[in-house]
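Notes follow the structure.
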Amino acid sequence: MGQGKRSRSAGPHGWVAIHKEVGMASTRVVERVKRIIRAGRAGHGGTLDPFSEGVLPIALGEATKTLASVLDGDKAYRCWVRLGSETDTGDPTGQFIPGNTNFPDRATVLETIARYQGEMDQIPPAYSAIHVDGERAYDRARRGETVELPARRVVFHAVELVEYAGDGLIILDVRCGKGTYMRALARDLGREWGCLAHLERLLRTRTLGFDLSDCLTLDELTRTVAEGRLNEVLLPVDRALDDIPALRLRLEAWSRVLSGQAAWIDADGVEPGTVRLLSPEGHFGAIGTLGSGSDPSGRRSCTPKRLFNLT
């Protein structure tokens, strides 16, 4: 559609980063945020289990269009691993399976976690949202069925020891890729050490480029909105796309993009692939695909993939 025909969709557009509290489901947080802000559309940037806490980015309005593009990003966690028992869920909400108190020493812990680097196979917990024959694995597990999930390839960027005094509680900082389960990490460590283990506490410290410093609690968000200061905490629609190159278009090219048409643009030094497209004034408005070929003047072809109604 042409630029003059674009209309702003209802509600604010952007992201708010929430520090999810223990005991709340991620979907419940989204519902609360929608009510507080009176948003038309909202969605979260990656589920956190109810027992866990930490960074839960909430996309509002047009920002929800970016969710499919950003959920593959890396994440970071602080994990409290309790040695001496496993649980059927891998966290403190499940049925306990006793282990023993033959805990590893600090040197053994360091040696073991040093091997968690790069791509590895990991068997997801039975209590997970993975589909098995069209049904969530956790639904089958809750009915008492035996759930055997195949190993998946995951990525660990770093597993670092924060604290361990030999008393059965190990605190780890983990940076990893999508689909890596911290509950499975705790389980696997406990089995390797022969004492069993489960995840006692989990704090997500970073995801989608948001970290704890960006976050508000729901109570803080409520006060901020009541004081008319939402704009102070509302982050840009393309905040979660910061790792995608941004290109500022000239007026003619921008008009073509807003009409859904390919345009020739200046893109020196930018690799072919997905790009963010900015208006002549520098405002984000579209995601496009940049081609590799160029015209006689050196401009490259760019095809818009998704437009954002932000003007």
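Just so you know, all these numbers are worked out from the coordinates, no wet-lab data involved. A quick note: this is a predicted structure, and the numbers were derived from the prediction, not measured. Don't worry about glycine lacking a Cβ; one is built from the backbone with ideal geometry, like all the others, and counts go over all protein chains shown.
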Using alpha carbons only: equivalent-ellipsoid semi-axes of segment 75-205, gyration tensor based, whole Å: 24, 18, 12
Ordering of 273-280, 214-221 by packing [mean C-beta count within 10 Å, highest first]: 273-280, 214-221
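What is the mean projected area of the alpha carbon convex hull for segment 146-282, to one decimal in square nanometres? Could the numbers behind the result be given before it?
Values: hull surface 61.1 nm².
So the Cα hull casts an average projection of 15.3 nm².
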Cα pair distances of segment 188-250 binned at 5 Å [whole percent]: 3, 12, 14, 14, 13, 10, 10, 9, 7, 5, 2, 1, 0
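Return 70, 270 ranked ascending by Cβ neighbour count within 10 Å, so the fewest neighbours appear first.
Working: 70 21, 270 15.
Listing 70, 270 from fewest to most nearby Cβ atoms yields 270, 70.
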Rough spin-label spacing in nm, given labels placed 7 Å along Cα→Cβ, for residue 114 and residue 136: 4.1
Nearest-20 debye value, segment 75-205 charge dipole, Cβ charges on Lys, Arg, Asp, Glu: 400
24 Å Cα cut-off, lysine pairs counted over the chain (separation 8 or more, or different chains): 12
Whole-number D in µm² s⁻¹ for segment 244-307, Kirkwood Cα-pair radius fed into Stokes-Einstein, 20 °C, 1.002 mPa s: 191
Whole-Hz ³J(HN,Hα) from phi, Karplus 6.51 cos²θ - 1.76 cosθ + 1.60, for segment 110-118, glycine and proline x: 4, 5, 5, 5, 5, 7, 8, 8, x
Fewest-first ranking of 307, 172, using other Cβ atoms within 10 Å as the exposure measure: 307, 172
Relative packing of peptides 291-304, 190-203 - highest average C-beta neighbours within 10 Å first: 190-203, 291-304
Value of relative contact order over the chain, rounded to a whole percent, pairs C-alpha under 8 Å and six or more apart: 22
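Which value, in debye to the nearest 20, describes the size of the charge dipole of the chain about its Cα centre when Lys and Arg Cβ atoms bear +1, Asp and Glu Cβ atoms bear -1, and nothing else is charged? Don't jump to the answer; show the numbers that get you there.
Details: 41 positive and 41 negative charges, 283 e Å.
About 1360 debye.
Could you tell me the relative contact order of segment 75-205? Use alpha-carbon pairs under 8 Å, at least six residues apart, and round to a whole percent.
Details: 290 pairs, mean separation 56.4, N = 131.
Dividing the mean separation by the residue count of segment 75-205 yields 43 percent.
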For residue 246, residues with placed amide H under 5 Å, excluding near neighbours: 276
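Based on the Cβ-Cβ distance from residue 294 to residue 251, what FRET efficiency comes out when R0 is 35 Å, to the nearest 0.05?
For R0 = 35 Å, the calculated efficiency reads 0.95.
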Dipole-positive endmost among 221, 280, 125 within the chain (Cβ charges, Cα centre): 280
Nitroxide proxy distance, nm - points 7 Å out along Cα→Cβ at residue 303 and residue 243: 2.5
